[in-house]
Every structure is written in C-alpha cells, then in structure tokens.
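J.: Once you've had a glance at the structure underneath, I'll fire off some questions.
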Amino acid sequence: GAGVSQSPSNKVTEKGKDVELRCDPISGHTALYWYRQSLGQGLEFLIYFQGNSAPDKSGLPSDRFSAERTGGSVSTLTIQRTQQEDSAVYLCASIPAWGNEQFFGPGTRLTVL
Amino acid sequence: GNSVTQMEGPVTLSEEAFLTINCTYTATGYPSLFWYVQYPGEGLQLLLKATKADDKGSNKGFEATYRKETTSFHLEKGSVQVSDSAVYFCALANQGGKLIFGQGTELSVKP
C-alpha cells in the first residue's frame, strides 16, 4: 500500500524566502509528526497533530515555523524568512490509531543559500 | 526531561562479527523504546521495538531488551553482514507518542 509521501523531495531557496513543505500521511492514520534531521542537531521533533486536538508545537525552533493539517490528512510545514541554519532534511511520520509505530516519509531536503 | 544517549560512531566491523550498540535513556513514566535504521540513501525504518520492561524486540537477527533497572535498550546482533551498514537510531516515546532520538550510530561492515 501507499506509504507516507512528501513533496518536494528537494528544495533549494534563497535566504529570506518562505517555503512550504507538504506531507501526505498514510490514509486512515490519525496522528502526524514533523521532525528535522540536521548534521549539527541530529533528529529533532518539531510538531505533532492528533485528530482534532490542538497541535503540540513544543519542538518548533522559532515563530518563523508553522504547520497546519487540513481535514485531518495532508499537512503543510511553512518556514518564513528562511535562514541558512534551517537547512536540513524535514521528515514527516504518521501513526495509526491502534499502534505506536511511526511510519516515516522519505523527507524533503531543504537547502538555504 | 526525556533524553536518549547512544554510543558514538562510526563503528567499523568485519563481516560475521558481533555487534553491540549501547543506548541508555532518561524518561518520566514508562516509555516505549525503539531502534530505527537508516540505510544509505533511504528513509527511516523501524527495526524493532519494546513497549514495557523486560520485553525483547527482535527483527532481522537484531535484538534489544528493555531494561528498566539500567534504563538501557542496547542493540545486538550475533553476526553482522555488509548489508547491515547503516545509521542506527535509538529512540523513546511516551505521552503523545513523539519520538526522542539519540544522536545515531553509523555502522560500517567490511567484507
């Protein structure tokens, strides 16, 4: 079956521009997570959506980062006024209601020049 | 706060050698513990998991036992193969399910 998909797979942008990263979770999965993987910081949690509850934004590094999840499915992570330290691989994962295994997408590699 | 510490890499072994990658954690409550693997050029995949103390997770010849008394979840394999070369991440999850990862250990297996 279809796994978690993310787009674009690669994004190169200039410092100061806004970017949007998209995540399509596995159909029927209730929870969705965003992480980022960078050389200096390893794998870090960013934000978590569970059903209709308020998202857990405790991992977002600054107010330039925001995310939404529309209709309980697709999620978009937005980074405003990108900085070079935002360069990383952004990973999305989803989880079914009945389990605790997170299924990861392939990631979006963001490069800020 | 919650945290995971795993042994630094890179770890270089010969084929058929015994592998141990140490992982210890700090957590409130009773977290679930995981090992994820990232093969070159691929995404993160769950390797094995354990959800309560004394549980043993196993997959593809790898094993790890949830040790509450030592707050550890060490990964072991009796005989590694070249195809096991990858980066291995230990992680925990408790309330809300968000994963806290260790820094990753790169394993390189030589023929």
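The values are calculated or read from the model by the stated rules, or taken from the named source; none is laboratory data. The structure presented is a predicted model; accordingly, all values stated were derived computationally and were not measured. Glycine gets a Cβ as well: all are built from the backbone with ideal geometry, and neighbour counts include every protein chain shown.
J.: Of the conditions (1) outside any strand (DSSP E or B); (2) closer than 22 Å to A:Phe49 by Cα; (3) at pLDDT 95 or above; (4) not β-branched (Val, Ile, Thr), B:Gly96 clears all except one; give me its number.
T.: (3)
J.: Okay, moving on. Cβ contacts < 8 Å: first residue away from chain A (no Cβ under 12 Å), restricted to the range B:83-111; second residue of a type in the set (D, E, K, R) and not in a strand (DSSP E or B), any location; separation 6+ or different chain. Result?
T.: Between residues of the range B:83-111 that are away from chain A (no Cβ under 12 Å) and residues that are of a type in the set (D, E, K, R) and not in a strand (DSSP E or B), the close pairs are B:Leu107/B:Asp84; B:Val109/B:Glu15; B:Val109/B:Asp84; B:Lys110/B:Glu15; B:Pro111/B:Glu15.
J.: Shifting gears a bit: Within the range A:49-66, is there a residue that is within 12 Å of chain B (Cβ to nearest Cβ), touching a helix residue (DSSP H, G or I) at 6+ places or on another chain (Cβ under 9 Å) and either in a strand (DSSP E or B) or among the aromatic types (Phe, Trp, Tyr) (or both)?
T.: yes
J.: Is it fair to say A:Ser73 is under 15 Å from A:Ala93 (Cβ atoms) and part of a loop (DSSP other than H, G, I, E, B)? Full working, then the answer.
T.: Values: under 15 Å from A:Ala93 (Cβ atoms): yes; part of a loop (DSSP other than H, G, I, E, B): yes.
Taking the combined requirement at face value, the residue satisfies it.
J.: Here's something else I'd like to know. Is it the case, given these coordinates, that A:Arg22 is more than 12 Å from chain B (Cβ to nearest Cβ) and either surrounded by 21 or more Cβ atoms within 10 Å (Cβ to Cβ) or outside any loop (DSSP other than H, G, I, E, B) (or both)?
T.: Numbers: more than 12 Å from chain B (Cβ to nearest Cβ): yes; either surrounded by 21 or more Cβ atoms within 10 Å (Cβ to Cβ) or outside any loop (DSSP other than H, G, I, E, B) (or both): yes.
When the stated conditions are applied, A:Arg22 passes them.
J.: Residues of the range A:83-107 being within 15 Å of the chain's Cα centre (by Cα), part of a loop (DSSP other than H, G, I, E, B) and closer than 17 Å to A:Lys15 by Cα, which ones? Step through it out loud before you land on a result.
T.: Taking the range A:83-107 as the starting set, the residues that turn out to be within 15 Å of the chain's Cα centre (by Cα) are A:86-95, A:102-107.
Narrowing the set further to residues that are part of a loop (DSSP other than H, G, I, E, B) leaves A:87, A:102, A:105-107.
Once the filter is applied, which keeps residues that are within 15 Å of the chain's Cα centre (by Cα), part of a loop (DSSP other than H, G, I, E, B) and closer than 17 Å to A:Lys15 by Cα, the range A:83-107 yields only A:Ser87.
J.: Follow-up. Can you tell me which residue among A:Ser73, A:Ser38 is more than 10 Å from chain B (Cβ to nearest Cβ), out of contact with any Gly (no Cβ under 9 Å at 6 or more places or on another chain), at pLDDT below 95 and under 25 Å from B:Leu48 (Cα atoms)?
T.: On the way: A:Ser73 fails: under 25 Å from B:Leu48 (Cα atoms).
Exactly one residue qualifies, and that residue is A:Ser38.
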